[in-house]
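What follows is a single structure, written as structure tokens, with notes after it.
The values are calculated or read from the model by the stated rules, or taken from the named source; none is laboratory data. These figures come from a predicted structure and were not determined experimentally. Here the Cβ is made from the backbone with ideal geometry for all residues, glycine too, and neighbour counts use every protein chain on show. With ligands, DNA and RNA removed, areas are computed over all heavy atoms of the protein, side chains included. Shrake-Rupley method; radii C 1.70, N 1.55, O 1.52, S 1.80 Å.
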Amino acid sequence: MHAPDDDAWLHEQSRVLGERIRTARKARKITQEQLHLRAGLSRNVLQKIESGRQNPTYFTLLRIARVLEVPLADLVR
């Protein structure tokens, strides 16, 4: 069982994660095109992750963090 606001909290966390990824990408002057190609993701998946509409797997997060050269912890804190 989960509390009624669990879903809202989870959606918010997904949105925040996507925002952190987008912020890190832009700080490094990497385009979505470059990131999705280097991380081995489809552009559509990356767009959904950055907008908080899709939850990335652990391995996807590792790939993104590696390409962005940031610790995974910085993205998921």
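Scan segment 61-72 for residues that are part of a loop (DSSP other than H, G, I, E, B) and among the aliphatic types (A, V, I, L, M) and the total you get is 1. Residues of segment 6-29 that are part of a helix (DSSP H, G or I) and either of a type in the set (A, V, I, L, M, F, W, C) or on the phi > 0 side of the Ramachandran plot (or both): Ala8, Trp9, Leu10, Val16, Leu17, Ile21, Ala24, Ala27.
Pairs meeting the criteria (first residue in segment 23-51 and acidic (Asp, Glu), second residue crowded, with 19+ Cβ neighbours inside 10 Å and in a helix (DSSP H, G or I), beta carbons under 7 Å, at least 6 apart or on different chains) are Glu50/Gly18; Glu50/Ile21. Among the residues making up segment 36-60, those that are open to solvent by less than 20 Å² (accessible area, probe 1.4 Å), part of a helix (DSSP H, G or I) and closer than 14 Å to Arg20 by Cα are Leu46, Ile49, Glu50.
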